[in-house]
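Report on one structure; see the data block that follows.
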Amino acid sequence: MGEQGMLRFRIDASVLRECVGAVLAVVDEARLKIDKERWKVCAVDPANVALVDLELRKEAFYEYEEYEGEEEKVVGIPFGKLRDALRFAAGDVSLSINEKMVLQSSAYAYTLSLLDPSSLRAEPKIPELNFSTRVVVNYPKLKLGACSPRCAFTARFGRAHSRSSGLVRLV
């Protein structure tokens with residue numbers, strides 16, 4: 001592991017941008033847990049209305065330096081600043097995490113100060129839910145269908161249905 005405690009990763013900038021966008025839909029800053037298998041963010045908005053539970057497995061990375069610690073490493077990430085750092089990144093980006101996060105793309109390098117994880121809101125307890133139905137949708141087929149800001153999926157009597165409202169566009 002190079003320098004003591006340094007973690008290194010390489011990932012497609014567009015994948016990381018999508019993940020950061022998903023977190024920012026709920027919170028501006030959160031704890032990022034890193035272990036041998038994944039990056040994980042679980043956070044709830046201040047009003048306890050929306051929750052993000054995001055897991056980015058090591059298979060999504062081009063390079064994922066094995067974390068040598070026995071437990072996970074937890075760092076506080078200001079996701080708004082990370083989004084800004086990724087704004088002009090193209091292709092893959094390299095990330096180094098120690099006391100700070102250093103993001104390097106082919107065009108520039110950006111150093112991001114990390115937050116003290118203990119100063120951030122605690123990870124929420126997610127209730128155990130047992131659903132009677134499971135629907136698996138092939139993403140490329142879903143992407144070919146209609147997309148809208150409001151979409152509902154229902155399953156009844158062994159059949160799955162989707163309903164959209166608002167401005168609908170074909171992608």
Between R57 and T111, take the C-beta separation as r, use R0 = 41 Å, and let me know the FRET efficiency to the nearest 0.05. 0.95
Students often forget the sequence filter, so: which aspartates and glutamates lie under 16 Å Cα-Cα from K73 once same-chain residues fewer than 8 apart are removed? E3, D35, E37, E55, E65, E99, D116, E123
Which aspartates and glutamates have a Cα lying under 15 Å from the Cα of K125, excluding residues fewer than 8 positions away in the same chain? D45, D53
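Just so you know, all these numbers are worked out from the coordinates, no wet-lab data involved. Just so you know, these numbers come straight off a predicted model, no measurement behind them. FYI the Cβ positions are ideal-geometry reconstructions off the backbone, even for glycines, and counts take in every protein chain you see.
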